[in-house]
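These notes are about the structure you will find just below.
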Amino acid sequence: MFSVIVKLFLTMILSAAITPFVVKLAYILGAVDNPNARRVNKKPMPTMGGLAIFIAFTFSTFVLLRNQFPSHELFSVFLAECIIILTGIIDDIRELSPKAKMGGIFVASLVIYFLAGIKMNEVVLPIFGAFKLGWWSFPITIIWILAITNAVNLIDGLDGLATGVSIIALFTMGIVGYFFLNMTNVYVSIWVFAMVASLLGFLPHNFHPASIFLGDTGALFIGFMIAVFSLKGLKNVTFITMLIPVVILGVPITDTVYAMLRRFLNKKPITQADKHHLHHRLMQLGLSHRQTVLVIYGLALVFAFISLLYPLSTLWGSVLLTIGVLIGLELFVESIGLIGDNRQPLLHAIQKFVKRLEKKD
């Protein structure tokens, strides 16, 4: 383990060292994010930062930690990674349509399902027992990868936001996998920590004030790898193993779900971009750029700590914990007006209840 830790540290150093060269390459290729109505940056910024993470992660898994992973799975996942990275680079330079980006993620997902063999096979439900997914395995696996990849991409709106939230999520995923899920293959956790090390090396360059953005190259790559890693723990799904990655990814999933709900209620296309995401709302409430990022880091840590309680809880304890999380999350979302200032049903219900109690007194 000491040898693995040293190699992970070297991965972090390599990522930090490569990033300045990627900054120069981004300018050469024209992968530059120019200010506009939706952007927070006030000056042109090099993007495509995910390339540095990809290079460091690939060097770590193929060179530093090459003896830790099954060759076929490693090369299969690498092929899918290359498809995602290529999709992201093209988008950062030329800006692809949403359909074209989804197409790239879909092709990479096919590689994961058919070539790498990483998929959901079985669901174990309380009382009902185990169910083989059969042909449902394919659509469920593909939808999972598409959803998680896009969820991470959506929160990439501020310096260091997606990078930091992903570090917290992946680190928690690695801890849960190693200590609680009794994975027979420890290499999965090492694989996850190699990604964490690559992100840690990149974060100083990406934190506010950033010298480079993740770009779609980074956001799609990180989201895709989180989806793949979580699938390794979800091969045979139980109530608990399904909840853990969902709670760990609470920040991007919450932002995505409420963005879709907001656009549906406002009768706008689901894919239409807006400035009402979680980070936008916090800044509109008066927080600075850095304060907003740190608050969302804190929220991600809360989700991470909650996820660590699930493996220690009973079934009914997990049910009550989930209900508590959903109620707390809804109160938070309504208090910052994530759906809209006039859409606060739970807060209004609580206010009415309190007023009735006051009248009785």
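The values are calculated or read from the model by the stated rules, or taken from the named source; none is laboratory data. Please read these numbers as outputs of a predicted model, since none were measured by experiment. Cβ coordinates were reconstructed from backbone atoms using ideal geometry, including for glycine residues, and neighbour counts include every protein chain displayed.
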Q) Only one of these conditions is not met by PHE69: (1) touching an Asp or Glu at 6+ places or on another chain (Cβ under 8 Å); (2) modelled with pLDDT under 90; (3) surrounded by 18 or more Cβ atoms within 10 Å (Cβ to Cβ). Which number is it? A) (1)
Q. Are there any helices (runs of 4 or more DSSP H) wholly within the range 247-361 with 3 or more residues that are closer than 30 Å to GLY177 by Cβ, more than 22 Å from the chain's Cα centre (by Cα) and not charged (D, E, K, R), and if so which?
A. 315-335
**Q.** Of the criteria (1) closer than 28 Å to HIS279 by Cβ; (2) more than 21 Å from the chain's Cα centre (by Cα), which one MET1 fails
**A.** (1)
Q: Check off (1) under 26 Å from LEU214 (Cα atoms); (2) surrounded by 19 or more Cβ atoms within 10 Å (Cβ to Cβ) for MET120 and give me the number that stays unchecked.
A: (1)
**Q.** Extreme residue, surrounded by the most Cβ atoms within 10 Å (Cβ to Cβ), among residues of the range 308-343 that are at pLDDT below 80 and out of contact with any Lys or Arg (no Cβ under 8 Å at 6 or more places or on another chain)
**A.** ARG343
